[in-house]
Each structure stands twice: as structure tokens, then as C-alpha cells.
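The values are calculated or read from the model by the stated rules, or taken from the named source; none is laboratory data. This one's a predicted model, so the numbers in the text were calculated from it and none came from an experiment. Every residue, glycine as well, gets a Cβ built from its backbone with ideal geometry; the counts of neighbours run over all protein chains shown. Side chains are part of the model used for accessible areas, which takes the heavy atoms of the whole protein and leaves out ligands, DNA and RNA. Shrake-Rupley method; radii C 1.70, N 1.55, O 1.52, S 1.80 Å.
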Amino acid sequence: PTQCDNWVRTSNGGHFASPNYPNMYPPNQECIYILEASPRQRIELTFDEPYYIEPSFECRFDHLEVRDGPFGFSPLINRYCGLKSPALIRSTGRFMWIKFTSDEELEGKGFQAKYSFIPDPDFTYLGGILNPIPDCQFELSGADGIVRSSQVEQEGKTKPGQAVDCIWTIKATPNAKIYMRFLDYQMEHSNECKRNFVAVYDGSSSIENLKAKFCSTVANDVMLQTGTGVVRMWADEGSRLSRFRMLFTSFVDPPCSGNTYFCHSNMCINNSLVCNGIQNCAYPWDENHCREKKRSGLFEQITKTHGTIIGITSGVVLVLLIISILVQVKQPRKKVMACKTAFNKTGFQEVFDPPHYELFSLRDKEISADLADLSEELENYQKMRRPSTASRCIHDHHCGSQASNTKQSRTNLSSVELPFRNDFAQPQPMK
């Protein structure tokens, strides 16, 4: 590594060379250079003379490898070797990854390269460069906290339609490291890293300390080895809908002391973070078996606005419930009172207890009384008819046979029993 330190950086670019340049480079060397331009800029790379790298088929031995991006897996621009220096090389973004490799045989003079930063043509219009990016920096510290992109708009760091280039600097508690976990992540124009990305640095914002860069649809957890973390978000004018929320947690390595909690993942967090409703460990050990505390933490997170909305809604529901109860209680009473007032006992008795039963009993009593009167009248009539018959037979000239016949018939009349016919038959029951 000491032989690869011939790298000079300036604000507008810089230059670097192979070890011992312009003398022969040593065998078994590997030097990596990661160039980073400012946002809205690109990189141009040129090579000076003399230039010599061991020639080989497809540059399989000694070679210079250049990639369009900040990683060793970024798109390959080309591999260079031989006697002729490469032509001008330009990046499509603000990063360029370069690696020089030499084997154990056939060394050469090597190379010297110069690079400069030029405006990115994607951000130019009307022949000029866009306005400078406004200052957008935030600082956070403590046992835990949340880094959120919505803070940029809330504090008015950028105007609508402008690009976003903001930095969050995070300070852990003394002698602690930082663990980061994404709670929300959405990138517009995913996989176009030059237009839209979230980068995490470990220790400082220099390119050498780049820990991870996210520009696709997925963002992973990040475990830093220092107590300082830097989060940088870049989104151009067409990617303003990009957003993220990241939870950071300060932790120390085991063994855990008395005021820390062991996370079962080589982490010891502060006891105040246990059962606070937020997963601070890499695995949710700190939120298991504490439902009651989780509920209290949830209510503590409710804002005043949410509390007001919940209170108003609960009041409306309570009023509607009381009105419903009153209607249900009062409405049946009105119906019962109306039914009692309109109830006709006589009509009800006529339907279920027909009056002919009552009439029949009355008629039987009247018939008995009439029969008794009729008997009495018949006896009186017979008594009156007997003397009248005898007197008529004495004075009547035809009193002989006719009288006897008449007397017999009249006498028989007295002995004739009048048949009783009950015409008042019992009526048929009502169906």
C-alpha cells in the first residue's frame, strides 16, 4: 500500500501513477483508485507519456482496469495494457473505479494519469450550469434516533423542483459504534445511481470511507465500526419523490455492562431502548416479552394531532351511542301505551269467548220459567172448562151421544199431556 500512495488530489481533479513511475513498477502489485466528483459533474481521465504495461492477449497479465462507478462490480469501461497509452476516458456519472495489477514477471515503466471534473451535461440547460446546491446539513446524536428525508422539505432546505444533496452527520454515545436500519426506502429511477442514491460513510464523508450505497429497490442494514456516521442523499430534479427513513442505534461490543442489554448479535444497547416500541437490535430481542411496555410506548408516540382526531371521533361515536340508547329505550314504551289505550276488552271477549254460551244459559232459565207458568195456566183452564161443560150438557138437546162424545173428547183433552218440544236447540259452536 505504501507504494500506491502517489496520489495527488485537488478541488478540480488530481493525478496518480503506478509505483516507481517513470521507473519500472515492481511485481505483484495491486493499487485501487476511486475517483469522486461533485454532484452534477463527471470525470475525464487522460494518460501521459511514457506509457508501458506488459502487453498480453486481452490484458490477462499486467493491466489497468477502469470501471464506470464507485465499485469493483460497476460497469467495465475497458482493460488497458501494451505500449500505447489509452485515449480520453469519460465517466457517465460522478464516480470512477481504477485498479492497476502486476504479476511476478515482465515489468514495465507503468503509467501516469491525470483526471479532471467537468459539468455533467444531464444538468445543463441554455448553455449553462444549474444553480449551486443550497447548504443542506443536519446533525444527530444520542443512544438512538431517526434520519429522515422529509426533514429537508420541513426545514425548507431546498425549493420545489430543485435537486437534493443533503448530508446527515450522526454521533454515537462515547466509546460506541453505530447500527443503521432502514424503516422506509423508496427510490425514483431505481438503478440509475448517478441521478438517485443514498450513501452511508463510516467515519467521514470521504470516498475512502464509503460503506454502502443504495440506488436500487432494496436497502440493507449497515453496521459501522466507528462512532461517526454520515448519510448522504442525492436526488435530481426528476427524482424528488425519493424518500427514506433510517433508524440509528448506538451500541458497544460484548461483554455487556450493567446498564446495557445484550442483543444476541454482538451488540449491547442501552437499557432505556428495551421495550420502547422500536426494534433497536438487529433481531427483535429487545421487544420480546414486553407487551405492556410496547403499548405505553405506542401511546407516547401519538402526536397531538392524532390525539385530537381520536378525541373528536370518540366524542361523536359516544354521542351517537347515547342517542341510539335513548331511542331504543323510549320507542317501545310509546308503543305499549298506545296498545293499552286502544285495547277493547269487550271486543276481545267477543272473539275468544262467544256470547252464545251466555245466551244459551239465559234461554234455558227463561224456558223453565215459561213452562212453569204454562202448567199453571193449563190447570186453571181445565178447572174453568169442567163446570162450563156440565151446564151446557143439561140445556143442550143433543146432549146424548154428542154430549157423551163431546164429554169424552173434552175429558180426554184434560188427560192429554201436552208434549214439550224444546225448540231452543243448543247452537253449534263457533269455528
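Checking each residue in region 227-242 for being open to solvent by 50 Å² or more (accessible area, probe 1.4 Å) and modelled with pLDDT of 90 or more picks out no residue at all. Residues of region 1-46 that are assigned to a strand (DSSP E or B) and either of a type in the set (Gly, Ala, Ser) or more than 57 Å from the chain's Cα centre (by Cα) (or both): Gly13, Gly14, Ala17. If you scan region 84-100, which residues turn out to be in contact with a Gly (Cβ under 9 Å, 6 or more places away or on another chain), of a type outside the set (Phe, Trp, Tyr) and either outside any strand (DSSP E or B) or over 15 Å from Ile43 (Cβ atoms) (or both)? Ser91, Thr92, Gly93, Lys99, listed by residue number. Within region 189-226, take every residue that is assigned to a loop (DSSP other than H, G, I, E, B) and of a type in the set (Gly, Ala, Ser) and give me the one that is modelled with the highest pLDDT. If we take residues in region 189-226 being assigned to a loop (DSSP other than H, G, I, E, B) and of a type in the set (Gly, Ala, Ser), then Ala219 is modelled with the highest pLDDT. If you check Ala235, Ala212 for being free of Cβ contacts under 8 Å to residues at least 40 places away in the same chain, within 20 Å of Trp168 (Cβ to Cβ) and either out of contact with any strand residue (DSSP E or B) (no Cβ under 9 Å at 6 or more places or on another chain) or not acidic (Asp, Glu) (or both), only one passes: Ala212.
If we scan region 68-80, do we find a residue that is of a type in the set (Val, Ile, Thr), in contact with a Leu (Cβ under 8 Å, 6 or more places away or on another chain), crowded, with 18+ Cβ neighbours inside 10 Å and not in a loop (DSSP other than H, G, I, E, B)? Among the residues of region 68-80, not one is of a type in the set (Val, Ile, Thr), in contact with a Leu (Cβ under 8 Å, 6 or more places away or on another chain), crowded, with 18+ Cβ neighbours inside 10 Å and not in a loop (DSSP other than H, G, I, E, B), which makes the answer no.
Please state which one of Tyr201, Tyr179, Tyr185 is closer than 18 Å to Leu273 by Cα, open to solvent by less than 70 Å² (accessible area, probe 1.4 Å) and under 33 Å from the mean Cα position of the chain (by Cα). Break it down stepwise before answering.
Values: Tyr201 fails: closer than 18 Å to Leu273 by Cα; Tyr185 fails: closer than 18 Å to Leu273 by Cα.
The unique qualifying residue is Tyr179.
Applying a threshold of 6 Å to beta carbon distances and a minimum spacing of six or more residues, or different chains, the list of pairs starting in region 17-37 at a residue that is open to solvent by less than 10 Å² (accessible area, probe 1.4 Å) and ending at one that is of a type in the set (D, E, K, R) reads Tyr25/Glu107; Ala37/Arg94.
Count of region 205-226 residues, restricted to those that are over 32 Å from the mean Cα position of the chain (by Cα) and surrounded by 14 or more Cβ atoms within 10 Å (Cβ to Cβ), is 6. Condition check for Phe138 on (1) touching a Lys or Arg at 6+ places or on another chain (Cβ under 9 Å); (2) part of a loop (DSSP other than H, G, I, E, B): one failure, at (2). All conditions but one from (1) at pLDDT below 85; (2) in contact with a Phe, Trp or Tyr (Cβ under 8 Å, 6 or more places away or on another chain); (3) in a loop (DSSP other than H, G, I, E, B) apply to Gly156; the one that does not is (2).
All of (1) open to solvent by less than 30 Å² (accessible area, probe 1.4 Å); (2) of a type in the set (A, V, I, L, M, F, W, C); (3) at pLDDT 85 or above; (4) under 34 Å from the mean Cα position of the chain (by Cα) hold for Cys136 with one exception: (3).
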